[in-house]
Amino acid sequence: MYVRKEIQIGWLYRKLLRHPLLEEMLRQLDPPGGTAVGWGYRPSGLSARRRANREKGPLLLLEDALVRSMKPGSNCVYGLVADSKGIYYDAGGASDLTDALNSGKASGWMRSGQLEPSETERLLKRYREGSVSKYNWYPGDFRSGLPDEPGVMVVDQTRGDASLARGGMSTGDFDRMVRDALDEHPGETIYLRAHPDHRYRNKHSCFSPWVYSESRVKLLAPDLSPASCFRFCREIYAGTSLMGMEGLIHGCKVKTYGWNFHAGWGLTTDRCSAPRPPRDQEVSLTRLFEAAYLQYCHYFDPDSGDPCGLDRVLEHLEVQRAVARENAGVRITAGWAPWKREVAGGFFHSPGTTLMHASSVEDAAALCRKEPDGKVLLWGATPAPADPAVATLRVEDGFLRSSGLGATFHRPLSWVLDDEGIYFDPRTPSRLETILETTEFTTGELGDAAELLAFLKEHRLTKYNVGNQGTTWDRSQAGGRKVILVPGQVEADASIKCGSPDLVSNGDLLQRVRELEPEAFLIFKAHPDLVAKARHGSVVPSVADHLADLIVTEGNVLEWLDLCDEVHTMTSTTGFEAILRGVPVTTHGLPFYAGWGLSNDRLPCQRRTRRLTVEELVCGALILYPRYLNPESGEFTTGIRVARMLARGGNRAERRPWHLRLLLILKNRWVALAR
């Protein structure tokens, strides 16, 4: 036997040791030494049962939770079930879940304690309204409408699944379900619902070939979610499929032909020919949901891996579904660099999304014309296609981006997508400007913004998070004069070209600030991209020597914000960081944060009429406008969770691929030669 922390797992079944949740599950359950551990009724589970019986020791059988993941087989797993006796789909044996439903209290490895009925009802409603299932990758929900004809549904499963034999089903039961549906619903359409594993894992159907030749039988693809199916099928014929339980949750009439955990409690019409398993009482749907989904299942936060409740998993799935709705359709990058195309594969990885790549804007437009739901993806200020009928989305880095500079190929954790313009170009409206001008922020959204703002300030997080390098400068060297920080920018940057019509260089900005503040102590901080030789341009303008009192190239921008009285900028995001931290800002261009009453603006923007609080600015710019991606799970997340990841040092150890490291070396040499 393979011994790991005194937990017994047969050496033949070492694959179980690689399960992504095993360590956290064992840490949470803290099983006693000598516990035999296995997976359901797979060989490792049968081996564990034999060992536990032989040695009279404790048993821990694991299986996927009833809300498992986005895709079948995904390594981002949301939870597991744990059983000390058997497993929930075994009608012929005991299980913790069956004992709990019979006794009314938790059993074995189940989570102890019961929720108030109102709280269970709330979670049941959230589950239902979120269209949640065991698996949650259903492209059909985003690509096409539902069938016009209502009908009844017969649920397929995968041939050889352990729940079939353990649930008392025989070979002909699936055909019997179809015959019963045809006989009991003359003239109605009979929909056959395929299992997702048929598509994603090449498993086989349980129906005989004759079923598919019936004129009233129609096959439903497995890419349509159970929740969508329940909208046009209000009666369900199921074997041991979890769709029987999900049908109950959605208010459908369910007829079962196998003994799964949800059958036999008075909620279903049971037609299984095998002996009835022990069911001592009828239970309500609320109690069944509580026992199965809230007590029997153990969930783990998809972002942090910490133990959590179903509520957190449902919140995570709501984020995935919201992004999937935005992503739905064909998306075509236009002239993007290869490394950026690879990043796009994560930010547009959603059910119902097809990502394509074109070498130019016009090539992308030609592809887009062939796709009714297509949109061309333009990076930043890339000129739009000549044809105004071609739909476009502009893409840029978000304001809480990474642990390192984008110009040095550090992977982004956030992007913004804009179908109106782009945030740094005030010549036209942008989606961010519309959000800030028109959104009635809810109390919950403002609470989230306040939490995020406090976290950013406490943990000293910025857009790039290049680390605290330390500064030895002492304010006393300013001799009591007002200290003004003037952040340098890359003069070729689109934000200057689009958003700063009067001042177009760092030298112009320094000259203007010196004219306005002749007695002030001016600190010019060079832009980190230029210091890192990652962008073309002068690190320090030639006029800085006689206009600035101090020129700095090192140090985290927050260290200098701590030391200054004001910030003067054209369009730099340093102004945004200063506003978040209560430092007065004067803008000489029109960045996205100007015009809302939070800064002293030298240029007006007639469209921006609203006066905002800092929390409202944070809500718009850091919560509603961007999308965030967890690089570890490959799934979408929220601003506060990315902030927590960055605060823990997440993504700092990111190892860029060799070709990007080589490209950066060549880029640095090219920039150095050009200077």
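The values are calculated or read from the model by the stated rules, or taken from the named source; none is laboratory data. No experiment lies behind these values; they were computed from the predicted model shown. Here the Cβ is made from the backbone with ideal geometry for all residues, glycine too, and neighbour counts use every protein chain on show.
Among the residues of the stretch 139-148, the one identified as surrounded by fewer than 17 Cβ atoms within 10 Å (Cβ to Cβ) and either touching a Leu at 6+ places or on another chain (Cβ under 7 Å) or of a type in the set (Asp, Glu) (or both) is Asp148. On the given criteria, is Val490 in contact with a Gly (Cβ under 6 Å, 6 or more places away or on another chain), under 22 Å from Leu558 (Cβ atoms) and not polar (S, T, N, Q)? Taking the combined requirement at face value, the residue satisfies it. For the stretch 43-68, the set of residues classified as in a loop (DSSP other than H, G, I, E, B) and either farther than 16 Å from Gln8 by Cβ or of a type in the set (A, V, I, L, M) (or both) consists of Ala65, Leu66, Val67, Arg68, listed by residue number. The residue that is farthest from Gly499 (Cα to Cα), among those in the stretch 583-607 that are surrounded by fewer than 24 Cβ atoms within 10 Å (Cβ to Cβ) and either in contact with a Phe, Trp or Tyr (Cβ under 6 Å, 6 or more places away or on another chain) or without any contact (Cβ under 8 Å) to a residue 12 or more places away in the chain (or both), is Gln606.
Quick one: which residue in Ala227, Ala263, Ala221 is among the small types (Gly, Ala, Ser), in contact (Cβ under 8 Å) with a residue 12 or more places away in the chain and out of contact with any Ser or Thr (no Cβ under 9 Å at 6 or more places or on another chain)? Break it down stepwise before answering.
Working: Ala227 fails: out of contact with any Ser or Thr (no Cβ under 9 Å at 6 or more places or on another chain); Ala263 fails: out of contact with any Ser or Thr (no Cβ under 9 Å at 6 or more places or on another chain).
Just one listed residue meets the conditions, Ala221.
Picking from Glu577, Glu559, which residue would you name as being under 29 Å from Pro429 (Cα atoms) and outside any loop (DSSP other than H, G, I, E, B)?
One residue alone meets the criteria, Glu577.
Suppose we filter Tyr237, Tyr191, Tyr212 for residues that are more than 23 Å from Leu285 (Cα to Cα) and either among the polar types (S, T, N, Q) or modelled with pLDDT of 95 or more (or both); which single one remains? Only one candidate passes the filter, namely Tyr191.
If you go through the stretch 474-492 and pick out every residue that is touching a residue at least 24 places away in the same chain (Cβ under 8 Å) and either in a loop (DSSP other than H, G, I, E, B) or of a type in the set (A, V, I, L, M) (or both), you end up with 13. Going through (1) at pLDDT 95 or above; (2) surrounded by fewer than 16 Cβ atoms within 10 Å (Cβ to Cβ) one by one, Cys252 falls short only on (2).
In the set Asn75, Asn136, only one residue is within 17 Å of Pro196 (Cα to Cα), modelled with pLDDT of 90 or more, under 30 Å from the mean Cα position of the chain (by Cα) and exposed (fewer than 15 other Cβ atoms within 10 Å of the Cβ); that residue is Asn75.
No other residue among Ser304, Ser284, Ser350 is over 19 Å from the mean Cα position of the chain (by Cα) and of a type in the set (Ser, Thr, Tyr) apart from Ser284.
Taking the residues in the stretch 468-498 that are of a type in the set (S, T, N, Q) and crowded, with 21+ Cβ neighbours inside 10 Å as candidates, determine which candidate is nearest to Thr382 (Cα to Cα). Only one residue fits best here, namely Ser495.
Any residue in the stretch 495-505 that is under 14 Å from Trp560 (Cα atoms), among the acidic types (Asp, Glu) and more than 38 Å from the chain's Cα centre (by Cα)? No, the stretch 495-505 contains no residue that is under 14 Å from Trp560 (Cα atoms), among the acidic types (Asp, Glu) and more than 38 Å from the chain's Cα centre (by Cα).
Among residues of the stretch 149-174 being of a type in the set (Asp, Glu), at pLDDT 85 or above and surrounded by fewer than 22 Cβ atoms within 10 Å (Cβ to Cβ), the one that is farthest from Pro277 (Cα to Cα) is Glu149. Just one of the listed residues (Lys85, Lys105, Lys71) is part of a loop (DSSP other than H, G, I, E, B), of a type outside the set (Gly, Ala, Ser), without any contact (Cβ under 8 Å) to a residue 60 or more places away in the chain and touching a strand residue (DSSP E or B) at 6+ places or on another chain (Cβ under 9 Å), and it is Lys85. A count restricted to the stretch 255-286 and to residues that are crowded, with 24+ Cβ neighbours inside 10 Å and farther than 14 Å from Val154 by Cβ stands at 5.
Checking the conditions here, which among Ile236, Ile190 is surrounded by 20 or more Cβ atoms within 10 Å (Cβ to Cβ), farther than 22 Å from Ser163 by Cα and touching a Lys or Arg at 6+ places or on another chain (Cβ under 8 Å)? Working first, answer last.
Values: Ile236 fails: farther than 22 Å from Ser163 by Cα.
Result of the check over Ile236, Ile190: Ile190.
Taking the stretch 454-467 as the range and being crowded, with 20+ Cβ neighbours inside 10 Å and in a helix (DSSP H, G or I) as the test, only Leu456 passes. For the stretch 371-386, state whether one or more residues are part of a strand (DSSP E or B), within 22 Å of the chain's Cα centre (by Cα) and small (Gly, Ala, Ser). Checking the stretch 371-386: not a single residue is part of a strand (DSSP E or B), within 22 Å of the chain's Cα centre (by Cα) and small (Gly, Ala, Ser).
Conditions tested, residue by residue: (1) crowded, with 21+ Cβ neighbours inside 10 Å; (2) assigned to a helix (DSSP H, G or I); (3) out of contact with any strand residue (DSSP E or B) (no Cβ under 8 Å at 6 or more places or on another chain).
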| residue | (1), (2), (3) |
| --- | --- |
| Gly507 | no, yes, yes |
| Arg514 | no, yes, no |
| Pro518 | no, no, yes |
| Ile551 | no, no, no |
| Glu554 | no, no, yes |
| His568 | yes, no, no |
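Right, Tyr296: touching a Lys or Arg at 6+ places or on another chain (Cβ under 7 Å), at pLDDT 95 or above and surrounded by 23 or more Cβ atoms within 10 Å (Cβ to Cβ) or not? Answer is no for this residue. When the criteria are applied in full, Leu314 fails the requirement of being in the same structural domain as Arg234 (by TED's automatic domain parsing) and in contact with a helix residue (DSSP H, G or I) (Cβ under 9 Å, 6 or more places away or on another chain).
Yes/no matrix, rows are residues, columns are (1) more than 26 Å from Val614 (Cα to Cα); (2) buried (at least 21 other Cβ atoms within 10 Å of the Cβ):
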position: Glu371; (1), (2): yes, no
position: Val376; (1), (2): yes, yes
position: Thr382; (1), (2): yes, no
position: Ala389; (1), (2): yes, no
position: Leu400; (1), (2): no, yes
position: Val416; (1), (2): no, no
position: Phe424; (1), (2): no, yes
position: Glu433; (1), (2): no, yes
position: Thr438; (1), (2): no, no
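Annotation: Thr471 fulfils all but one of (1) in contact (Cβ under 8 Å) with a residue 12 or more places away in the chain; (2) out of contact with any Gly (no Cβ under 6 Å at 6 or more places or on another chain); (3) part of a loop (DSSP other than H, G, I, E, B); the unmet one is (2).
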